[in-house]
Amino acid sequence: MLKRVSTILTAAALTVFLQPLCHAQVSPAGSPVPDTRAQGTPSVEVTGLNATTIVHSRGQYEKIGPNLWLNTLEGGPHGTLTEIQRDEWSVYLRRTDGTEVQIDLYRKEVSQNTVEGRSVIMTVTDAIAGQHVPTPADVVTIVSDAGLFYTYDKVSWSNRFYENDLPVTYELQEVGRDQWSVYLRDDVRQVEFALDMYTNTVKQRPYNDPQNAFADAGRISGASDQFATF
């Protein structure tokens, strides 16, 4: 069996686009229970404190992870920004070049600091509160205490973790997906993984032994349909 590895994924070691996972409901018998929490939920007023997607005149800003935003302009993703502050009216971000951006939902404008002062660069046309949650059909990055699992083509995966403060990476092959999980094969360690997004659990069993039940090997703490970057 694969040895459990105590893994610490630090921002300095791994920069990943993470999305919080919804914790699933389970009936006493262990069967899936439909999540009806969204049904009949009253609309929420969007403010600078809860906005997660902000549409502007040239595209949109989307919160894709803890303190991480993606700016998408016409033609595709344009860059990531770090969230530095929020208040009732605005979200404050910093670009990778150090430029600070203020998204003001009250004035409906996006402005930035320049050498001449603050200038308005775009107008805000809409804002949404609430996180996008990836599904097993589109997930490409999963973080867990069994390491980081990621793919760039939904065929070949990598499992990256730290052991004795040194990075270790194993290559895996995707062998299937269903409505709950992504299934991977590790030929080197001779194990198969089930990345179960319903129970938020990494499961494993001996390689090529379908009669053997999957056993828990770690807890999933985040997942994304955005590619991991290092």
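The values are calculated or read from the model by the stated rules, or taken from the named source; none is laboratory data. Fair warning: this is a prediction, and the values are worked out from it, not measured in the lab. Here the Cβ is made from the backbone with ideal geometry for all residues, glycine too, and neighbour counts use every protein chain on show. Surface accessibility is based on the protein's heavy atoms, side chains included, excluding ligands, DNA and RNA. Shrake-Rupley method; radii C 1.70, N 1.55, O 1.52, S 1.80 Å.
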**OP:** Please name all residue pairs, on different chains or six or more residues apart, with Cβ atoms under 8 Å, provided the first residue is in the stretch 107-129 and is closer than 16 Å to ASN71 by Cβ and the second residue is open to solvent by 80 Å² or more (accessible area, probe 1.4 Å) and assigned to a strand (DSSP E or B).
**Re:** GLU109/VAL120; VAL110/VAL120; SER111/ARG118; SER111/VAL120; GLN112/ARG118
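For the stretch 201-230, how many residues meet the condition of being assigned to a loop (DSSP other than H, G, I, E, B) and surrounded by fewer than 19 Cβ atoms within 10 Å (Cβ to Cβ)?
First, the residues of the stretch 201-230 that are assigned to a loop (DSSP other than H, G, I, E, B): 207-214, 225-228, 230.
From what is left, the residues that are surrounded by fewer than 19 Cβ atoms within 10 Å (Cβ to Cβ) are 207-214, 225, 227, 230.
Going through the stretch 201-230 one residue at a time, the tally reaches 11.
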Original post:
Does the stretch 157-164 contain at least one residue that is out of contact with any Leu (no Cβ under 7 Å at 6 or more places or on another chain), more than 17 Å from ALA213 (Cα to Cα), part of a strand (DSSP E or B) and open to solvent by 20 Å² or more (accessible area, probe 1.4 Å)?
Top reply: yes
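Here is a yes/no grid of residues against (1) within 30 Å of ILE220 (Cα to Cα); (2) hydroxyl-bearing (Ser, Thr, Tyr); (3) in contact with a Ser or Thr (Cβ under 9 Å, 6 or more places away or on another chain); (4) assigned to a strand (DSSP E or B):
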| site | (1), (2), (3), (4) |
| --- | --- |
| GLN60 | yes, no, yes, yes |
| LEU70 | yes, no, yes, yes |
| THR80 | yes, yes, yes, yes |
| VAL91 | yes, no, no, yes |
| VAL101 | no, no, yes, yes |
| GLN112 | no, no, yes, yes |
| THR123 | no, yes, yes, yes |
| PRO134 | yes, no, yes, no |
**OP:** Name, by its number, the condition in (1) part of a strand (DSSP E or B); (2) at pLDDT below 90 that does not hold for TYR183.
**Re:** (2)
Original post:
For the stretch 172-185, what are the residues that are touching a Phe, Trp or Tyr at 6+ places or on another chain (Cβ under 9 Å) and either among the charged types (D, E, K, R) or crowded, with 17+ Cβ neighbours inside 10 Å (or both)?
Top reply: LEU172, GLU174, ARG177, SER181, VAL182, TYR183, LEU184, ARG185
Original post:
Can we say VAL120 is of a type in the set (A, V, I, L, M) and open to solvent by 60 Å² or more (accessible area, probe 1.4 Å)?
Top reply: yes
Subject >> Residues being hydroxyl-bearing (Ser, Thr, Tyr) and open to solvent by 50 Å² or more (accessible area, probe 1.4 Å) - total across the stretch 100-113 >> reply: 1
**OP:** Check GLN19 against each of (1) under 30 Å from TYR162 (Cβ atoms); (2) at pLDDT 60 or above; (3) open to solvent by less than 30 Å² (accessible area, probe 1.4 Å) and name the one condition it does not meet.
**Re:** (2)
Original post:
Of all residues in the stretch 186-200 being assigned to a strand (DSSP E or B) and open to solvent by less than 10 Å² (accessible area, probe 1.4 Å), which is nearest to LEU70 (Cα to Cα)?
Top reply: LEU195
